Every structure is written in structure tokens, then in C-alpha cells.
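The values are calculated or read from the model by the stated rules, or taken from the named source; none is laboratory data. Keep in mind it's a predicted model, so treat the numbers as computed, not measured. Because the Cβ atoms are built from the backbone with ideal geometry, glycine has one as well, and the counts that use them run over all protein chains shown. Each accessible area value is taken on the protein alone, full model and side chains, heavy atoms only, with ligands, DNA and RNA left out. Shrake-Rupley method; radii C 1.70, N 1.55, O 1.52, S 1.80 Å.
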Amino acid sequence: MSERGRLGDFLYARRAQLRPADVGLKDYGDRRRVAGLRREELALLAGVSASYYTRLEQGQSVGASPEILDAVARALCLDEAERVHLHNLADAGRRRPPARRPRPEQAGTTTLQLLSTLESVPALVTGRRTDVLAWNRLGHALFAAHLSPDSPEQASRRPNLARMLFLDPHTRALYADWTAKAKAIVENLRMVAGRHPDDTLLTSLIGELTVKSPEFATMWTGHRVHPCDFARHEMRHPLVGTLTVTQQSLDLPQAQDQHLVLAVTEPGSPSRAAVTLLGQALADEALAANRPSPAGPQSAGPPNPAGPQSPVNRPGAAPAEEPRKGS
């Protein structure tokens, strides 16, 4: 973060993305020294003085009223999510909460019960920072079959969707249009960071991705914000092939900043058939894992092939009969 602070960085980035024609100003073809609109032009559109807007963008004024922020949002052509993000940044600058390490997130009992009822739809529960707090069998098989099924159960081992998307080649290969998915998750993280500026774990995640992924760093500097709540994606699954899913993220009212993410397919479509096939593969795998070995208990390895319930292991049992020669 620069000396301008989060609010100033956001204003600067969004002003640089506007052109005079975008806001109804004439462009006389003069050579502009800055990208996008000048501060004076933005201030004029917002109905504030140029000096006041300059102080606001430079982080020297943290007392902007909601009305002024709304006027600046209109001048920047922000949508509703971006307008709310602007207010969140201004509020965070005023209160400046002390940084503290948040508690690990957990999926509640009610949430886990809800997840267990979703047997035919891939689903997972995510936390504030896109950590996977829980998933059902189809959710694990669709999104992260290369990871251990129990990995969400321990905070230190939990998969993180943002980290996986940028740093895990398996997850990256899942999406036909990886760039669109990546932009969506970055825009959502930007919005969350505006609401929780004191979340040190979130700040650490953003710092890690900025250092390790040049693509993330480039997208992050765009300061775009948008909720990642509904999108269609073409996925290329290594087991069932290509399928199109609508990923819907539903707020969980019983847990703040937790979401139920569903991968929905159209009835009767090849994509629905692919999900059904994936579920059948899981059922076959579970059946095979529970099926007794054809060789019976004698197939168990050393130290005692007969197993603990064999007569040779019971006190006072007669010695096992020696095999006949030639048998």
C-alpha cells in the first residue's frame, strides 16, 4: 500500500481508468500528462474544490461526509458494489482499528448438516478469505480431487480457493477461461479487504499472492471490486471431461462472511450427466474400498497373516495344523 492509503489508492486507480469521453467531457486532443481524468476534472464532476479532492486522494482528509463520497462515486461512474466499497475504505480510514490476528473460521453444525443434504450437487463452504471450511463428496471431487478429502478439517491444511487458482496448476487447468475466474476472485477479495482492513490473515494472503503471482499483482492494482456470487464457468475435469456449471455463492445467515458455493448444472444437459457420472465414480470407489478382499483374512500382511481373531491368537488355542506335503 502506498502513502496515499487504501482510499487514496482506490481513487487514484479509478480516476486513471476514466477518459474524458466516458464522463461527457470534450477531449481536444491535447497531450495529457496523466492517465485518465485530471484531479481538477474529477473535482468539477463531483462538485467539490480541486484542493479538497486532492487532499482526499492523497490521504490527507479522512472526514469526508457520505454525501461527498456519493458525489465522488458518481463522478467516477462507480456501480453499487464499488460505491459501498468506497464508503468502507473511508470508514476504515476514520476508525483505524488495531491490527489483530483473527480466530480460525469454522463451519457450524447447522451448516454442516445443510451440506450433508446436498448429495447430487457439488458444494462447499467458504470463509471470508476464500478458505474451504467444508465440502461434500461431489464438491471435493469437482474442485480439488487431487487434495485429501479431510484437508478442510484443520485450519493449517485448509485449501484456499484464491491461492489454488493462482498457484496450483491443477486448479488453474480446471477453468477454460481462467482469466475471467481469476478476475472474479480478485474483485471479490478487494471488496472483502475493504470491509476488513484489520484482518491480518487476509493481508498476509494478499501479500503472498502479490509476491508469488505476477498475474494476481497486476489484477490487484486495478482496484476493481465486485461480489463473486453468480457466474457460469466451463470446466475441464480430468475424469468426466468438459462441463458447464453455474457457480452460486449464497450467504449463510448463521455465520458472518461464510458462503455456501454450489456448482449447478442444467437438467438434462451433458454437464448434468457429467456430474452424475462423477457421483457414480465416487460410489463405485466407496464400494470397492468396503468390499472384502477376495483372498480373505489370510491376505493380511505380517506380522500375523491370520489376523487378531484367528485361533492362533487366542490363548489356549491348539497349534495350527501343518500343511501336508505336496499340497
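The table for this structure:
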{"read-out": "Solvent-accessible area, 1.4 Å probe, carbon plus sulfur percent, for the range 94-214", "value": "53"}
{"read-out": "Within-11-Å neighbourhood charge of Leu165 [Cβ basis; K, R +1; D, E -1]", "value": "+2"}
{"read-out": "Residue-span extension gain [Glu40 to Glu80] - 0.36 nm each, minus C-alpha spacing", "value": "12.0 nm"}
{"read-out": "Sparse-neighbourhood loop sites, trypsin sites (Lys or Arg not before Pro) in the range 37-121 - DSSP loop, at most 15 other Cβ within 10 angstrom", "value": "Arg38"}
{"read-out": "Most to least packed among 175-185, 117-127 [average Cβ atoms within 10 Å]", "value": "117-127, 175-185"}
{"read-out": "For the range 193-203, Karplus couplings with θ = phi - 60° (6.51, -1.76, 1.60), whole Hz, Gly/Pro x", "value": "4, x, 7, 10, x, 9, 7, 5, 5, 5, 4"}
{"read-out": "Charge dipole of the range 128-277 about the Cα centre (unit charges at C-beta), most positive-ward option of Leu252, Gly139, Ala180", "value": "Ala180"}
